[in-house]
Amino acid sequence: MNAPAHVPAELIYEFDYLTDTALLTDPHQRFAELGARFPGGIFYSTANGGHWVLTSYERFCAAARTPEIFSSNKVNIPPTEQPFLLIPINIDPPEHGHYRAAIAPAFAPAKMRTMEPAIEELSRELITAVAPDGHCEFVSAVAEPLPISIFMRWVGLPLERRLEFRDWAVTALTSTEPPVRMENMLKITEFMSEVIEERRQHPGDDIISSLFSAEIDGRPLKTEEIQAYCLLFFLAGLDTVVNAMSFGARHLATDHDLQARIRNNPDIVPAVVEEALRRYSFVNTARVVTRDYDFDGIQLAEGDMVMLSEAAADLDPNAFENPQDFILDRKGPRHVAFNTGPHACLGAHLARIELTIAYRTLCQTLPAFSLCPDRPAVFTGGSVMGLRELHLIW
Ligand code: HEM
């Protein structure tokens, strides 16, 4: 497609976040390059129906915190007709606050901490199992089974279908074919509808059952609303921690000094988790512009799609000194790996607990580990960028 008339020619750049070769070689290097190429922190890609891309931390935060202009009513690029509502992401303030408050207690830090023993046990089990082999493909051996099993337990889903469910979530988020993405969304919705009905008959101590007693403005949730929450839990819970953990383990594998520091002093792991989330942020979320708007000198038109790249924002040298370096005691602004503003991630506590336990157990259980030189990592693009394969040796 051609760019619309209001887009200045110098800001047009062909970039397909689903198939871009440089992104699939090293996503963070690619987003850092895009940031450097467009010092104004914004450009327009004609790929995927046409959309702006925000590459500076400042523009990212401004958009994320101004939902009346940057609406999350559409969070897909290209903007498909959205038959599937995701609650609370697709709801704008002020209604958003009510929908978020209805589920916030289920995500509270104290509640999340009750999962620590199960996470410890499973981490030890998975990592001890591969230790004698001297090598592993980390994504399938640890990064997938750990957070996915914990999530399935939390939601009350059958563990034996874990790989099938992950495949639905990954395809729904990353397929280059919009009809395939929709087909997988439909599979998830149909499956979750059955689970919701089953849980209504036999409620348990899981997050889906807790939705039956949640209220919006004093009324119980409608079935469609419960379905929309569940679809988001499924998409958000099955793929994100897997990718965060894989990017973090990949970094650790290149830094034996950091591994040794963790072995000697596990108390530094929470700082490692934060810096790994910043250095390797991997979500590309989207917003739709609600009215013609002057965005700090750039004219946006009503209906324009805008991609907010966490990776580009967190590698912006104007926000983070030497952003490519891995620095544990960084001063300065907070990273936006979990976004900022009204839609900041509700699962952040759980994610932090899982990552902390996984990195600690990895360093304490394995001897010094490295990247396998013969089998390079395989990356995926899309709205949740990730690693499909990560081969480690020790
Ligand atoms: C390292 C792991 C994770 C990362 C990097 C991450 C990142 C994000 C980001 C960037 C958003 C904002 C999306 C937007 O504004 O369009 C978000 C929202 C959300 N995340 Fe996460 N997430 C992670 C793990 C989880 C987990 C495990 C759950 C549990 C189900 C979860 C549940 C949610 C929910 C419910 C929202 C919507 C919040 C709202 O709209 O108010 N996330 N997440």
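The values are calculated or read from the model by the stated rules, or taken from the named source; none is laboratory data. If you're wondering where the values come from, they're calculated on a predicted model, not measured in any experiment. With ideal geometry, Cβ positions are generated from the backbone for all residues, glycine too; neighbour counts draw on all protein chains shown. Surface areas here come from the heavy atoms of the whole protein model, side chains and all, with no ligands, DNA or RNA. Shrake-Rupley method; radii C 1.70, N 1.55, O 1.52, S 1.80 Å.
For SER309, nonlocal amide neighbours, meaning residues 5 or more places apart or on other chains whose placed amide H falls under 5 Å from its own, are LEU54. Rounded to whole numbers, the Karplus 3J(HN,Hα) couplings from phi for region 319-325 are 9, 10, 5, 6, x, 7, 7 Hz, using 6.51 cos²θ - 1.76 cosθ + 1.60 with θ = phi - 60°, and x at Gly and Pro. For the chain, with all protein chains in place and a probe radius of 1.4 Å, 52% of the accessible heavy-atom surface sits on carbon or sulfur. Roughly how many Å is it from the Cα centre of region 274-307 to that of region 157-193, as a whole number? If we compute the Cα centre of each part, the gap is 26 Å. Ranking SER210, SER175 by solvent-accessible area of protein heavy atoms (1.4 Å probe, all protein chains present), from largest to smallest, gives SER210, SER175. Note on HIS256: accessible area is roughly 80 Å² with a 1.4 Å probe, heavy atoms of protein only.
In this structure, the amide hydrogen of PHE295, modeled 1.01 Å from its nitrogen in the peptide plane, lies closer than 5 angstrom to those of LEU300, counting only residues at least 5 positions away or on a different chain.
What longest range of the chain stays clear of loop-exposed trypsin sites (Lys or Arg not before Pro) (DSSP non-H/G/I/E/B, at most 16 other C-beta within 10 angstrom)? Longest gap between qualifying sites, sites excluded: 66-221. In a DSSP loop and with at most 15 other Cβ atoms within 10 Å, the chymotrypsin sites (Phe, Trp or Tyr not before Pro) in region 3-45 are TYR13. Of the GluC sites (Glu not before Pro) found in region 297-326, those in coil by DSSP whose Cβ has at most 13 other Cβ atoms within 10 Å are GLU302, GLU321.
Between GLU160 and GLU125, the simple label model (points 7 Å from Cα in the Cβ direction) yields a spacing of 1.6 nm. For ASP329, the solvent-accessible surface with a 1.4 Å probe is about 100 Å², rounded to the nearest 10.
Proximity of backbone amide H atoms, modeled 1.01 Å from N, is registered between ILE42 and THR55 at under 5 Å, excluding neighbours fewer than 5 places apart on the same chain.
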